[in-house]
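Comments concern the structure below.
The values are calculated or read from the model by the stated rules, or taken from the named source; none is laboratory data. Treat the numbers as computed from the prediction; the structure is a model and nothing was measured. Neighbour counts are summed over all protein chains in view; Cβ atoms, including those assigned to glycine, are modelled from backbone coordinates with ideal geometry. Remember, those area values only see protein heavy atoms, side chains included, never the ligands or the DNA or RNA. Shrake-Rupley method; radii C 1.70, N 1.55, O 1.52, S 1.80 Å.
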Amino acid sequence: VQGVEILKGDAELFRIMTTDEIFWPNYPAVYGISDVAGYDLPVAFRYSDLYLAQGGVQDHRQVWDPSWPLLDYLNTRYVVTSQELEPDRFVLIHSTEEYRIYENRYALPRALMVYDVAVIEDQATMLERVLGEEWDPVKTALLEEPLPSYELDALGSESSFSIDTVRYDNDIVVLDLFTEGAGLLVMSDLYSRDWQAQVDAERVKLYRANYAYRAVFVPEGRHQITFSYVPWSFPVGMGLTFLGLIVAGLLILARKRTPSQRSCSARPAGGEREDA
């Protein structure tokens, strides 16, 4: 519990990783702490690709290693482990007989502005590039499709920016951003077609960047960026529900009309009452 309180004392966005099954599966989520291993099955295919390509073992849960190349990119600020880690990269901030908590000095923020783009259409090549030592996620965003010419021409050189988190929930993320030059806002949050992006309340294209993550083009200046999770099943479900209500209403009306129709058909001609 003390270790959890230490982690929750960090007000910024971060992820943790654990080794040796120190935490039970999904345990950090109970306290609102993001784990780089995610949750139990199901796991997104592309995230599973990245995990296995780094040396992970196919199992009911992911078990990451502190030496893996994507640890920094994925905003993994803390490592909870019983192992001793290299001091030049990891700073020991808490220790007990059962575990240690290290802070990762090189962990990147959850959101970055990037001003250079490389297009890699082949999925296998993209995976290899993301895990390679030559790729610098701070400088270059890897896309699987080219930017339209008006966005590509507007890209600025590397410049200063600031990003403030207004809201961060499971289904909506709102950021206030200022950038001196146009570029790509890249999140180390998973891409899905069910996510939508807005810049200043205007719907914009959401790109898949760095094999499995979200990115959106942002012009220079000050803007509010919103990511909303709107699964395709939601409007379909709403439509089916509405259709079901219409059908149910028609059936109720039909049942109400049926008795009166029967009573009318039971009367003899002329409307006179039959005697027994």
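Regarding N75, is this residue at positive phi and surrounded by 17 or more Cβ atoms within 10 Å (Cβ to Cβ)?
For N75, the condition - at positive phi and surrounded by 17 or more Cβ atoms within 10 Å (Cβ to Cβ) - is met.
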Inset, instruction - Six or more apart or on different chains, Cβ under 8 Å: which pairs go from a residue in the range 223-238 that's part of a loop (DSSP other than H, G, I, E, B) to one that's open to solvent by less than 80 Å² (accessible area, probe 1.4 Å) and modelled with pLDDT of 55 or more? Could you list them? - result: V230/D194; V230/W195; V230/Q196; P231/D194; W232/D194
Legend entry - Residue ID - farthest from D194 (Cα to Cα), chosen from residues in the range 158-170 that are in a loop (DSSP other than H, G, I, E, B) and open to solvent by 80 Å² or more (accessible area, probe 1.4 Å): E158
Inset, instruction - May I ask you to verify whether A29 is closer than 21 Å to V173 by Cα and part of a loop (DSSP other than H, G, I, E, B)? - result: no
Legend entry - Some residue of the range 45-53 being surrounded by fewer than 19 Cβ atoms within 10 Å (Cβ to Cβ) and assigned to a loop (DSSP other than H, G, I, E, B): no
Inset, instruction - Name the one entry in G56, G38 that is within 26 Å of V174 (Cβ to Cβ) and either buried (at least 16 other Cβ atoms within 10 Å of the Cβ) or at pLDDT below 95 (or both). - result: G38
Inset, instruction - Hey, could you check the range 130-143 for residues that are within 20 Å of L190 (Cβ to Cβ) and out of contact with any strand residue (DSSP E or B) (no Cβ under 6 Å at 6 or more places or on another chain) and say which is least open to solvent (accessible area, probe 1.4 Å)? - result: V130
Legend entry - Sole exception among (1) under 26 Å from K139 (Cα atoms); (2) assigned to a loop (DSSP other than H, G, I, E, B) for D59, by number: (1)
Legend entry - Residues of the range 79-113 satisfying the condition of being among the hydroxyl-bearing types (S, T, Y) and open to solvent by 20 Å² or more (accessible area, probe 1.4 Å): S82, S95, T96, Y99, Y106
